[in-house]
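The values are calculated or read from the model by the stated rules, or taken from the named source; none is laboratory data. The structure presented is a predicted model; accordingly, all values stated were derived computationally and were not measured. Cβ sites come from the backbone with ideal geometry, for glycine too, and all protein chains shown count toward neighbours.
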Amino acid sequence: MDNVIHIDEKWFYLNQETRKFYLLPNEENPYRCEQSKRFKVKAMFMAMIGKPQHNRNEEMIHDGKYGIFGFVYEQRAKKSSKNKAAGTMELKALQSVTKDVIKDMLVNKLIPTIIQNWPAHLSKDIVIQWDNASSHKIPTDLEFVATCTQNGFNIKMVYQPPQSPDLNVLDLGKGGNNFTLPHMKKRRLEQLGILPERLTVSPDLVAQAVNHLNDRFRPVNQTQVEEDHETEVDVD
């Protein structure tokens, strides 16, 4: 998993459909800064994260956090107001994120960030994993291929199967680095005496799983070298 990066996007609404507030008797109702109840203002962000890297002394050399990027655009204000003058550049949130917008995000923000912050001791064969949404089917045109192969990098996209959030670290780990799995209610189960026993896994099974992952995500250059070596052995 050293060479795997997880990405995912999420919509956020300026105001939720329903919200609950507890007010004092003389406290005013909360102000909702939205012009229409039907067309709610929203914004989408793309998050990108990888595996933290440590040296032999267990010191962190790369936290794996590449950043959170907003789907926004700049526009000049048409009218003056108390907050800004006409002609001032404003940052606006895109209200529709299409396949072309996703591609622009990858080409101009995500992939350049990966190349700039990628640890030097790792192979440049990188796998970007995200969910199987229809807007994620990026065409393999010359511009996109050139972006993924610049400076000796070989960046490929991998799509997880539908309805499988456990395969994406962003879906599994929402809530921060100290995220705990919900709905288990371990204390209550323990009080009732029905807490499931912990499963023990043999070291051999763990080693088999690690070897399988290493073979699955083996760098392309390493695979080619091994194939050439096998060919030489067969000829001799």
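Computed values, structure above
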{"read-out": "Odd one out for T140, checked against (1) in a loop (DSSP other than H, G, I, E, B); (2) within 21 Å of T98 (Cβ to Cβ); (3) modelled with pLDDT of 85 or more; (4) not small (G, A, S)", "value": "(3)"}
{"read-out": "Selection within region 110-166 - aromatic (F, W, Y) and more than 16 Å from A47 (Cβ to Cβ)", "value": "W118, F144, F153, Y159"}
{"read-out": "Looking only at region 60-80, and only at residues there that are touching a Phe, Trp or Tyr at 6+ places or on another chain (Cβ under 8 Å) and not in a loop (DSSP other than H, G, I, E, B), the one that is surrounded by the fewest Cβ atoms within 10 Å (Cβ to Cβ)", "value": "I68"}
{"read-out": "Failed condition for T113, given (1) under 17 Å from E9 (Cα atoms); (2) in a loop (DSSP other than H, G, I, E, B); (3) among the hydroxyl-bearing types (S, T, Y)", "value": "(2)"}
{"read-out": "Top-ranked residue of region 81-101 - restricted to ones that are of a type in the set (A, V, I, L, M) and touching an Asp or Glu at 6+ places or on another chain (Cβ under 8 Å), ranked as surrounded by the most Cβ atoms within 10 Å (Cβ to Cβ)", "value": "V97"}
{"read-out": "Residue satisfying all of: in region 123-149; within 17 Å of M105 (Cβ to Cβ) and charged (D, E, K, R); surrounded by the most Cβ atoms within 10 Å (Cβ to Cβ) among these", "value": "D131"}
{"read-out": "Residue check, T113 touching a Gly at 6+ places or on another chain (Cβ under 8 Å) and β-branched (V, I, T)", "value": "yes"}
{"read-out": "Conditions (1) of a type outside the set (A, V, I, L, M, F, W, C); (2) assigned to a loop (DSSP other than H, G, I, E, B); (3) without any contact (Cβ under 8 Å) to a residue 60 or more places away in the chain; (4) surrounded by 10 or more Cβ atoms within 10 Å (Cβ to Cβ); number of the one not met by R38", "value": "(4)"}
{"read-out": "Condition check for D215: modelled with pLDDT under 70 and either of a type in the set (D, E) or touching a His at 6+ places or on another chain (Cβ under 6 Å) (or both)", "value": "no"}
{"read-out": "I126 being modelled with pLDDT of 80 or more and not in a loop (DSSP other than H, G, I, E, B)", "value": "yes"}
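One line per residue, one yes/no per condition, for (1) of a type in the set (S, T, N, Q); (2) under 25 Å from H54 (Cβ atoms); (3) touching a residue at least 24 places away in the same chain (Cβ under 8 Å):
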{"position": "A85", "(1), (2), (3)": "no, no, no"}
{"position": "Q95", "(1), (2), (3)": "yes, no, yes"}
{"position": "L122", "(1), (2), (3)": "no, yes, yes"}
{"position": "D125", "(1), (2), (3)": "no, yes, yes"}
{"position": "W130", "(1), (2), (3)": "no, no, yes"}
{"position": "P139", "(1), (2), (3)": "no, no, yes"}
{"position": "T147", "(1), (2), (3)": "yes, no, yes"}
